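These notes are about the structure you will find just below.
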Amino acid sequence: MRRPQIVTDERRRRHGGTGWLVALVGAVVLVGAPYLPWAYGDEAMDDMTYLGGPSPTQFLGLALGAALLVCLLAARFLVPRLPAARRRWFAWHTGASAVATGALAFQAVVVVAVALELGGLVNVEYGGWIALAGALLAFAGTRLLVPERTATLGRVHSPGWLVIVVIAVVMLGSLLLIAHALDEDDPGVFIALLVFVGAAVVLVLRVGLGGWFSSQTARFRPVLVMAAFLVAFAFPFTQDGSNANMSIATQVLIFAATALGLNIVVGLAGLLDLGYIAFLGAGAFVAAILSGSAFSAVGWNPPFIVTVLISGVVASVLGLIIGSPTLRVSGDYLAIVTLAFGEIFRLVMINLDGNDGPDLTNGSNGIPNIPDLNLLGFDFGEPHVILGVEIPRFANYYFLLLVLIGLVIVVFANLNRSRIGRGWVAIREDEKAAEAMGVNVFGLKLFAFAGGAFLAGVAGAVKAHHDISVTPDQYVFLESAFLLAAVVLGGMGTILGVLVGATLLRLMPEKLRFFDEYRLLAFGLLLVVMMRFRPEGLIASRRRQLEFHEDDEELAAHTGETPPGAGRVEPEGAR
Amino acid sequence: MDPAYFFQQLVNGLTLGSLFALIAVGYTVVYGIIQLINFAHGEIFMVGAFGALGTWIILGRAEITAWWMLPVMLVGAVGVSVLTALLMERFAYRPLRRAPRLAPLITAIGISVFLQEFVRLFYGPIPNGLQRLVFGDDIPFEFPDAKAAPRFPSIEGVSGGSFVIGGVTLQYAAIFTVVALVLCWIGLYFFVNRTRVGRAMQATAQDPDTARLMGIDVDRIIMVAFAVGAALAAVAGIAHGLQYTNIEFRMGFLAGLKAFTAAVLGGIGNINGAVVGGLVLGLVEVMATAFIPGTFGGSAWKDVWAFALLILVLVFRPQGLLGARVVDRA
């Protein structure tokens, strides 16, 4: 499918100079506009009514403008002075396009947010319109720039200390950013901040630093991963003993852990599971029944370690049962079989109330009053003081979940790189060919289901204690759809992508309360739009990207792999 | 066992089955042509029911209950359903025609959630309801709130009434459903076999590439398939409303899933199969509810048995009862 191109390469070559000038004007306006008032009322976002005194949000706009200015000036004045070998280190024009797009989105969000929060576009003062106009100019101008093919900075070898310092700075920055973003109560500012972060990340990636970062940190992968975990562990200490953000954070972690488990089934093995929430539910119900709650039908109350294992095993047995039809069905039919299993699970949990069936789950009321965890004398229900900082109840669960998610990531990464993981990829791409090559197709599929289910069961066991009560209506089809959306949104088959997807999907509803009513509407639309325009997700694995864009030869050349199914065309002279 | 009780269940089963069959045809027609499981088809059925209710409210400010409202409502329902289905095909499915199989399925889930929420949010007397967007504050009529399972209009001579033959109660609404199915089935038979468009549909189903070479506009045929399915789903929506008196924005999910079971049961891609499958599924569900003894019987478990049947059919007989085509769903 070819899209009509408004800006052709030919036009770019002819009007590149004009485009640069227009974009420069836009960038200067973007830098200057934050010193003007953007809104008539101080309730909108973070008080943008002053002349000459930008608010924090206005500073973000200024930063985008400044970044654009740097890109444009560097492309015109710095690059020609560099020795030839270094001229293509950075892709300044590509970066300029990216940041101009980001600035336009940012200014649009600001204008819309002001209009919504104060009631009408009339409340946007002249500075806001000027900034939007500047962003439009910058956007239009950068469309005419000739983009560089690739940035070569990734091939440059840098000293180790530099890389480690950069890792430390990035991690520290993200910790501060997360803590700051979670404290932000104004929905407009929150979305503007998200857009700003998105624009900054895309700019860094496009301009060539992304290539450098990924190639350099490949040498220091353990350092990177350890730093990320350190940041995650440090997060509760920034919260001053407050439970509010920790409660959101634990929900995100439970969701992310489950989504990572689903990612094994969907992302690696390519088996669409629409009933995955049932495994989380199975784990939660087992833990609730064995928790010693007064409403549990079973008196036995084993230590939590045992409960977790039983939860995982029960879930993976269910996984085996649900996975067994994969011997005979695949594709859409498998998805519907799993959906039916998920619904059966929920209905059975409702019916096992002693009235319509044996008493096990207390029916649709579920099992309330599940006691808090107590591991080795550490009571999860009580606040603790560590290093002078109070660690409240949810923070205790947060640490436990972090350990759990670390475990899931280790399992996932190792499976992905192992013989099993390669078998899954082979099955996903061509089941018959994989079988012919001696891949144990059925065994590996079952293993994917059982393994993914085990992880979800373990997460469910923690969730039961975290939530205090377990009811069947927490495990409806829509939750499975949410999990699937987290995997799809973030990027199938990647760890980082799913973490990002899960965070966005759980964090957004918490922060955008005014949007609550339209949450599901937007969610449905998001799925459709993602599949239409970026089916490989926000953070795509290269292989997936190629699978979804089979006829895009430019992309294949870019990533250095041949798209699956595309015939190799040898150049004439090569034979 | 009381024979009247058995026959009563038989009638109930056939009625329910007719409803399933009407929806199932939509799955089958679309699948037959582009091998796509239009998972959001259940929502088309729901939209049709709400479309009928909306038509009645717009035209029937004086609460008209005469029989001639029925065909008017039918036109409204079919219009809304077909429009929804065509928009869905054009903007969501068509761009994905060459994408991996996962993509349309996820899109379908998205559409499903979107349509349910759309009806829930915008159908009703709320400030941002659809009618207010069109007429402003001076609205001549008010839609009932979709969140509260609004009552479907009762039509004289169809709703509520019934007669008894030999101990078996026949409700007029049930007769309407069965008659609607029979008429639609006959109409569809003539449409598919006797019209140019119908024959073009058959050709496209057999081999889309050759059909294109023969001068058939395949895109148009696909739209026709979506439209035919949507029209029948709209009829089912009205039948559902007349029978159960209340309609709900969530009702498309379960009905769609069961109708899909029916379509697979009859052999997906096969129109007659969809009808037979629907009737069989309706009978099985009603009979299981009525005759399975002990704690696992009764209405609490009927959906469990329907889903179990769905799994068994998909696993052991994916080609369906009539086995029209061999299905290889890789």
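Quick note: the coordinates plus some simple rules give every number you see, no bench work behind them. Because the structure is predicted, anything quoted here is derived from the model rather than measured. Cβ sites come from the backbone with ideal geometry, for glycine too, and all protein chains shown count toward neighbours.
Counting every other Cβ atom within 10 Å of each residue's Cβ, B:Asp303, A:Asp186 order from fewest to most as A:Asp186, B:Asp303.
When the chain is fully extended, how far beyond the present Cα-Cα distance does B:Leu86 get from B:Ala149, taking 0.36 nm per residue of separation?
Result: 20.1 nm gained on full extension.
What would the Debye formula give as log10 I(q)/I(0) at q = 0.08, 0.15 Å⁻¹ for the alpha-carbon point model of chain B, no solvent? Results for chain B at q = 0.08, 0.15 Å⁻¹ read -0.38, -1.27. Run the paramagnetic zone check for A:Ala433: 7 angstrom along Cα to Cβ, then residues of segment A:306-341 with backbone nitrogen under 19 Å. Residues passing the 19 Å test: A:331.
For the pair B:Phe163 and A:Val156, label points projected 7 Å from Cα toward Cβ lie 9.2 nm apart.
Please check chain A for the longest run free of GluC sites (Glu not before Pro) that are loop-located per DSSP (anything but H, G, I, E, B) and have at most 15 other Cβ atoms within 10 Å. Counting at most 15 other Cβ atoms within 10 Å as exposed, the longest clean stretch of chain A is A:44-560. Placing a pseudo-label 7 Å from each Cα along the Cα-to-Cβ vector at B:Leu312 and B:Thr65 gives an inter-label distance of 4.3 nm. A Stokes-Einstein calculation at 25 °C with viscosity 0.890 mPa s, built on the Kirkwood radius of segment A:141-287 over Cα pairs, returns a diffusion coefficient of 130 µm²/s. The length gained on full extension between A:Asp46 and A:Val146, counted as 0.36 nm times the residue separation minus their Cα-Cα distance, comes to 32.2 nm. Based on the Cβ-Cβ distance from A:Ser364 to B:Met287, what FRET efficiency comes out when R0 is 41 Å, to the nearest 0.05? It comes to 0.95. Axis of helix A:92-118 versus longest Cα principal axis of chain A: the two differ by about 70°, to the nearest ten degrees. The mean number of Cβ atoms from other chains found within 10 Å of a Cβ in peptide B:307-319 is 5, as a whole number.
Could you tell me the distance between the Cα centroids of segment A:73-139 and segment B:224-295, to the nearest Å? The two parts, judged by their Cα centres, are 54 Å apart. Placing unit charges on the Cβ atoms only, positive for Lys and Arg and negative for Asp and Glu, gives the protein assembly as shown a dipole magnitude near 3380 debye about its Cα centre. Applying 1/(1 + (r/R0)^6) with R0 = 30 Å to the Cβ-Cβ distance of A:Arg86 and A:Val223 gives a FRET efficiency near 0.65. Label positions at A:Arg519 and A:Arg328, each projected 7 Å from the Cα along the C-beta direction, are separated by 4.0 nm. For segment B:225-257, no residue has its backbone nitrogen under 19 Å from a point 7 Å from the Cα of B:Thr210, taken along Cα to Cβ.
If you average 1/r over every pair of different alpha-carbon atoms in the protein assembly as shown and take one over that average, what Kirkwood value in Å do you get? Taking every pair of different Cα atoms in the protein assembly as shown, averaging 1/r and inverting gives 30.3 Å. Find which of A:Val410, A:Pro83, B:Ile238 sits farthest along the positive direction of the dipole of the protein assembly as shown, computed with +1 on the beta-carbon of Lys and Arg, -1 on that of Asp and Glu, about the Cα centre. About the Cα centre, the residue reaching furthest to the positive side is A:Pro83.
In terms of other Cβ atoms within 10 Å, A:Ile164, A:Ile420 run from fewest to most in the order A:Ile164, A:Ile420.
Please find the FRET efficiency linking A:Tyr35 to B:Asn246, where r is the Cβ-Cβ separation and R0 is fixed at 51 Å, and quote it to the nearest 0.05. Don't skip to the end; give the middle numbers.
On the way: r = 60 Å, r/R0 = 1.17.
Approximately 0.30, to the nearest 0.05.
For segment A:232-364, the average shadow cast by the Cα convex hull is 10.5 nm², which is a quarter of the hull's surface.
Computed over Cα pairs, the Kirkwood radius of segment A:11-231 leads via Stokes-Einstein (0.692 mPa s, 37 °C) to a diffusion coefficient of 177 µm² per second. The magnitude of the dipole of segment A:11-231, with charges of +1 and -1 set on the Cβ of Lys/Arg and Asp/Glu and taken from the Cα centre, is near 2160 debye.
When only Cα pairs below 8 angstrom with a gap of at least 6 residues are kept, chain B shows a relative contact order of 34 percent. A Gaussian network model of chain B, with springs between Cα atoms under 10 Å, assigns the largest mean-square fluctuation among B:Glu142, B:Glu248, B:Glu285 to B:Glu142. Ignoring lysines fewer than eight residues from B:Lys302 along the same chain, the ones with Cα atoms less than 23 angstrom from its Cα are B:Lys258.
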